[in-house]
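Here is the structure we will look at, set down as C-alpha coordinates.
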Amino acid sequence: MEGSETLRKRLKSAVEEKELNIRDEAIADVMDKEETETNAMGSEEMELHIAHILDKIENFTQQVSELLESGKTIIKQLGDEFEERLILIHKEQVEKWQEEIRELRMIDAMNEETNAVLENAQFLLQNPHMDS
(Lines give C-alpha, C1' and ligand atoms only; values in the text may rest on other atoms or scores of the structure.)
Protein backbone atom coordinates (compact mmCIF):
# COMPACT_ATOMS: atom_id res chain seq x y z
CA MET A 1 0.00 0.00 0.00
CA GLU A 2 2.76 2.39 0.85
CA GLY A 3 4.33 1.79 -2.54
CA SER A 4 1.12 2.61 -4.36
CA GLU A 5 0.62 5.67 -2.15
CA THR A 6 4.10 6.91 -3.00
CA LEU A 7 3.49 6.23 -6.66
CA ARG A 8 0.19 8.12 -6.52
CA LYS A 9 1.89 11.10 -4.84
CA ARG A 10 4.65 11.12 -7.44
CA LEU A 11 2.14 10.97 -10.28
CA LYS A 12 0.08 13.72 -8.68
CA SER A 13 3.19 15.85 -8.27
CA ALA A 14 4.26 15.23 -11.88
CA VAL A 15 0.79 16.11 -13.16
CA GLU A 16 0.73 19.30 -11.08
CA GLU A 17 4.18 20.28 -12.38
CA LYS A 18 3.07 19.65 -15.95
CA GLU A 19 -0.06 21.76 -15.37
CA LEU A 20 2.07 24.55 -13.89
CA ASN A 21 4.42 24.41 -16.89
CA ILE A 22 1.51 24.53 -19.32
CA ARG A 23 -0.06 27.42 -17.40
CA ASP A 24 3.27 29.30 -17.28
CA GLU A 25 3.78 28.79 -21.01
CA ALA A 26 0.24 30.02 -21.71
CA ILE A 27 0.82 33.13 -19.58
CA ALA A 28 4.14 33.77 -21.32
CA ASP A 29 2.46 33.38 -24.74
CA VAL A 30 -0.28 35.85 -23.78
CA MET A 31 2.29 38.34 -22.49
CA ASP A 32 4.39 37.99 -25.66
CA LYS A 33 1.30 38.56 -27.80
CA GLU A 34 0.35 41.63 -25.81
CA GLU A 35 3.87 43.06 -26.09
CA THR A 36 3.91 42.37 -29.81
CA GLU A 37 0.51 43.98 -30.28
CA THR A 38 1.56 46.96 -28.17
CA ASN A 39 4.76 47.30 -30.15
CA ALA A 40 3.01 46.72 -33.44
CA MET A 41 0.14 49.03 -32.71
CA GLY A 42 2.03 51.75 -30.85
CA SER A 43 0.69 55.22 -30.49
CA GLU A 44 -0.56 57.09 -33.51
CA GLU A 45 2.16 59.68 -33.02
CA MET A 46 4.81 56.94 -32.97
CA GLU A 47 3.37 55.37 -36.12
CA LEU A 48 3.51 58.76 -37.88
CA HIS A 49 7.11 59.17 -36.77
CA ILE A 50 7.99 55.69 -38.05
CA ALA A 51 6.21 56.39 -41.35
CA HIS A 52 8.19 59.64 -41.66
CA ILE A 53 11.46 57.76 -41.10
CA LEU A 54 10.44 55.14 -43.67
CA ASP A 55 9.74 57.96 -46.15
CA LYS A 56 13.20 59.37 -45.44
CA ILE A 57 14.72 55.96 -46.08
CA GLU A 58 12.82 55.63 -49.37
CA ASN A 59 13.80 59.15 -50.49
CA PHE A 60 17.43 58.61 -49.52
CA THR A 61 17.50 55.28 -51.34
CA GLN A 62 16.07 56.96 -54.43
CA GLN A 63 18.67 59.74 -54.24
CA VAL A 64 21.49 57.24 -53.88
CA SER A 65 20.17 55.29 -56.84
CA GLU A 66 19.94 58.44 -58.97
CA LEU A 67 23.44 59.51 -57.91
CA LEU A 68 24.82 56.12 -58.81
CA GLU A 69 23.22 56.25 -62.24
CA SER A 70 24.39 59.80 -62.92
CA GLY A 71 27.85 58.89 -61.60
CA LYS A 72 27.99 55.91 -63.95
CA THR A 73 26.95 58.15 -66.84
CA ILE A 74 29.55 60.79 -65.97
CA ILE A 75 32.28 58.18 -65.57
CA LYS A 76 31.33 56.60 -68.91
CA GLN A 77 31.44 60.03 -70.60
CA LEU A 78 34.78 60.81 -68.97
CA GLY A 79 36.08 57.41 -70.04
CA ASP A 80 34.96 58.01 -73.61
CA GLU A 81 36.50 61.50 -73.64
CA PHE A 82 39.71 60.15 -72.11
CA GLU A 83 39.89 57.41 -74.73
CA GLU A 84 39.30 59.89 -77.58
CA ARG A 85 41.90 62.32 -76.20
CA LEU A 86 44.46 59.56 -75.67
CA ILE A 87 43.93 58.30 -79.22
CA LEU A 88 44.32 61.87 -80.52
CA ILE A 89 47.55 62.34 -78.52
CA HIS A 90 48.87 59.05 -79.89
CA LYS A 91 47.96 60.01 -83.44
CA GLU A 92 49.62 63.44 -83.11
CA GLN A 93 52.79 61.93 -81.63
CA VAL A 94 53.01 59.27 -84.33
CA GLU A 95 52.56 61.98 -86.99
CA LYS A 96 55.38 64.03 -85.38
CA TRP A 97 57.68 61.02 -85.39
CA GLN A 98 56.76 60.20 -88.99
CA GLU A 99 57.57 63.81 -89.95
CA GLU A 100 60.86 63.49 -88.08
CA ILE A 101 61.62 60.30 -90.02
CA ARG A 102 60.86 62.08 -93.31
CA GLU A 103 63.16 64.96 -92.34
CA LEU A 104 65.93 62.54 -91.34
CA ARG A 105 65.60 60.70 -94.65
CA MET A 106 65.70 64.01 -96.53
CA ILE A 107 68.78 65.13 -94.55
CA ASP A 108 70.37 61.73 -95.15
CA ALA A 109 69.70 61.98 -98.90
CA MET A 110 71.16 65.51 -98.97
CA ASN A 111 74.18 64.32 -96.99
CA GLU A 112 74.70 61.42 -99.39
CA GLU A 113 74.49 63.81 -102.34
CA THR A 114 76.88 66.28 -100.67
CA ASN A 115 79.24 63.44 -99.76
CA ALA A 116 79.26 62.23 -103.38
CA VAL A 117 80.08 65.77 -104.63
CA LEU A 118 82.86 66.11 -102.04
CA GLU A 119 84.34 62.72 -102.91
CA ASN A 120 84.27 63.67 -106.57
CA ALA A 121 85.95 67.01 -105.81
CA GLN A 122 88.54 65.28 -103.64
CA PHE A 123 89.29 62.82 -106.42
CA LEU A 124 89.67 65.66 -108.91
CA LEU A 125 91.96 67.58 -106.57
CA GLN A 126 94.15 64.56 -105.99
CA ASN A 127 94.32 63.75 -109.69
CA PRO A 128 94.50 67.08 -111.54
CA HIS A 129 96.00 65.74 -114.76
CA MET A 130 93.04 63.54 -115.61
CA ASP A 131 91.00 66.50 -116.78
CA SER A 132 93.46 67.48 -119.47
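For the range 37-132, the Kirkwood estimate of the hydrodynamic radius, built from every pair of different alpha carbons, is 21.8 Å.
How much net charge surrounds Gln62 when only other residues with a Cβ under 15 Å from its Cβ are counted (Lys, Arg +1; Asp, Glu -1)? Walk me through the numbers before you get to the answer.
On the way: positive: Lys56; negative: Asp55, Glu58, Glu66, Glu69.
After counting each charged neighbour, the total is -3.
log10 I(q)/I(0), Debye, Cα-only the range 81-128, no solvent, q = 0.14, 0.19, 0.25, 0.28 Å⁻¹? Ignoring solvent entirely, the Cα scatterers give -0.55, -0.70, -0.84, -0.91.
What does the net charge come to around Leu48 if you take all other residues with beta carbon closer than 14 Å to its beta carbon, with K and R at +1 and D and E at -1? Spell out each step's value before the answer.
Values: positive: Lys56; negative: Glu44, Glu45, Glu47, Asp55.
With Lys, Arg at +1 and Asp, Glu at -1, the neighbours total -3.
Accessible surface computed residue by residue for the range 81-131, with neighbouring protein chains in place and a 1.4 Å probe, gives 99 Å² per residue.
The values are calculated or read from the model by the stated rules, or taken from the named source; none is laboratory data. Not measured: the values here are computed from a predicted model. Ideal geometry is used to build each Cβ from the backbone, glycine not excepted, and the neighbour counts take in all protein chains shown. Each accessible area value is taken on the protein alone, full model and side chains, heavy atoms only, with ligands, DNA and RNA left out. Shrake-Rupley method; radii C 1.70, N 1.55, O 1.52, S 1.80 Å.
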